[in-house]
Amino acid sequence: MHVLLIEDNPGDVRLLHQMLQEPGSLKAELIHFGCLSDALNHLSAATANVILLDLGLPDAVGLAAVRQVHAIAPDIPLVVLTGLDDESLAAEALQEGAQDYLIKGQIESHALLRALRYAIERQRMQVETDQVRKLQLQLKDEFLSHVSHELRSPLTAIYQFGTILSDELAGAVSTDQRECLQVILRNVSQLQSMIGDLLEVTRAQEGKLSIDLQCTSVVDAIAYTIKTVQGTAKAKGIVLSFDAASQLPFAYADPTRLRQILIILLDNALKFTDAEGLVTVRVQLFAKNPNLLLIEVEDNGCGIRADSTERIFERLSQGTDNGQAGRKGLGLGLYICKELVERHGGTIWVKTSPRGSLFSLTLPVFSLAHLLAPILKNEEWPSDAVALVTVEFRSPNGWPSREIREEFSRDTRGLLVRCLLPDLDVLLPRMADNGVGELFHIVAFADQNGVAVLTKRIREQFHRLKQARDSGLTFSTSYKLLARPTANISISSEELSAEMASTIEGFIKLEGLARASSHE
């Protein structure tokens, strides 16, 4: 057994060494370091069966030492050594990942050996338990995903035929029959929503929850969402209010996912607000950080129990309210909401009281200067030229559906990324609705020869794109050389990025106006 001892007291080192060398003891090799830094260097290149860690080292004291060791070697069992007055600290160390603790001055040979054996065994059992739990979650997610896919087709058929009957396309129905059909359709819609949530959670667990970041209007997204849920609000007599600060910047967000987030929050607010109540949506710059937008959804409903607020964003959480029946559904909506917000680089939280709940979330402000900053810091310039490359696809007969267009856009962006040099080129997010065409803009830090090579590479790749040929899409590339601002001692890197971003945004705006007028 290889025992790594991290202890700065020579007397304790000799004592522990003697205990491990006594007849009948374990066959142990003691590796000793007097400071934590040397031990961590050793662990980065070698391993051990168990670690004995003193909680009072010259370069680390208490729980900080435990955390550092556990971070470097999370799979090696850890036993801490503590003085008589540090027993409570040792107990806290167990919560940080230690398997056991020994009190200096009270260590006996058999107690030391037992602690080492038990620590190794507990660590082994913990690893096995974690593996079993991980496997169970994986099997459960696979089962839910499979069942969800299998249920979608029959539910779609039920909904379609129920709608046909309700609309009397298959013959007249009585008032009572129509009411029954409406109950069926409402429950089918609820099941479809649950299945959609299950699929989203499965994608999140598998890392496949896609986010297409764009220059997005939060005001437009909120207006769309309010229009979507307005019918539900009117049915309960709830007033929907929208308050937006003036001259808000765009967000760096996926517009589809942003609408999904807002619908989840507004659905919950309407669900837990009594008739004749009020639900308010607000958006403004985040006072604590001007690079973030703050969106708030507030209701004057029953609120959430205080002991549920910490768990409300957990998967399968069924947070009960302060007086009404529990949530309908699977408890996945807010979990999905939190996943989507965090994948945007934002945060979400809730404040609640018996007078209602306030859900708040942040999203990053779109900043072209921020996207260009890493490239502008690159000192290996091929030239002082900067080019804006435009790649355009047009569909003469229109797009078959919005979903097909978005799928094509995602695939195209992935192909373009593979054509670029990551240190010298930037593929910009979508910055406007391009009508019947799909426009992609690339900022390439290259001269005319370099841009010619890039556009040739893009054309060669897209001529092999079977989907584009089969869809009858027209394809074109163009570019414009822009003067790169000259960095000097009087201008900061932030100012340089802002100046370049302003030039590019101005040209894209003029380009959009020219294309719009030419296609009228």
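None of the figures in this text is laboratory data; all of them are computed from the coordinates on show. The shown structure was predicted, so the numbers you read here are calculated from the model rather than taken from an experiment. We place every Cβ from the backbone using ideal geometry, glycine too, and count neighbours over all the protein chains shown.
So here's what we get for this one:
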{"item": "Rounded tilt (10° steps) of 63-72 against the dominant C-alpha axis of the chain", "result": "70"}
{"item": "Ranking of R418, R405, R410 by count of other Cβ atoms within 10 Å, fewest first", "result": "R418, R410, R405"}
{"item": "Candidate values (i) 252; (ii) 169; (iii) 157, label of the one derived for volume of the Cα convex hull per residue in Å³", "result": "(i)"}
{"item": "Inter-site label distance for C35 and W399 at 7 Å from Cα along Cβ, in nm", "result": "6.1"}
{"item": "Calculated FRET value between Q192 and T256, using beta carbons and R₀ = 22 Å, to 0.05", "result": "0.80"}
{"item": "Extension gain, D167 back to E407 (0.36 nm per residue minus Cα-Cα distance, nm)", "result": "83.1 nm"}
{"item": "Of V13, G62, L102, farthest towards positive along the dipole that unit charges on Lys, Arg, Asp, Glu beta carbons give region 2-107", "result": "V13"}
{"item": "Rounded to 5, the percent of DSSP beta bridges in the chain classed as antiparallel", "result": "70"}
{"item": "Label-reachable residues, region 66-84, where backbone N falls under 14 Å from a point 7 Å from E22's Cα toward its Cβ", "result": "none"}
{"item": "Label-point gap, in nm, between E276 and Q126 - each point 7 angstrom along Cα→Cβ", "result": "5.8"}
{"item": "Sorted by Cβ neighbour density within 10 Å, fewest at the top, the residues L363, L278", "result": "L278, L363"}
{"item": "The chain, dipole about Cα centre (Lys/Arg Cβ +1, Asp/Glu Cβ -1), debye to the nearest 20", "result": "1620"}
{"item": "Charge dipole (debye, nearest 20) of region 55-173; +1 at Cβ of Lys and Arg, -1 at Cβ of Asp and Glu", "result": "300"}
{"item": "Length-normalised contact order for the chain - Cα pairs under 8 Å, 6+ apart - percent", "result": "9"}
{"item": "Helix 493-518 vs. the chain, principal-axis angle (Cα, 0 to 90°, nearest 10)", "result": "30"}
{"item": "Among S44, P74, I442 - extreme Cα towards positive end, dipole of the chain, charges at beta-carbon", "result": "I442"}
{"item": "Student exercise, region 136-205 dipole from Lys, Arg, Asp, Glu Cβ charges, in Debye to nearest 20", "result": "100"}
{"item": "Share antiparallel - DSSP beta bridges, region 180-320, percent rounded to 5", "result": "60"}
{"item": "Exposure proxy order (Cβ contacts within 10 Å, fewest to most) of T232, T129", "result": "T129, T232"}
{"item": "Between helix 10-21 and the chain: long-axis angle, C-alpha atoms, 0 to 90°, nearest 10", "result": "80"}
{"item": "When each of K271/K338; K236/K338; K271/K351; K456/K480 is checked by Cα-Cα distance, pairs over 22 Å", "result": "K236/K338"}
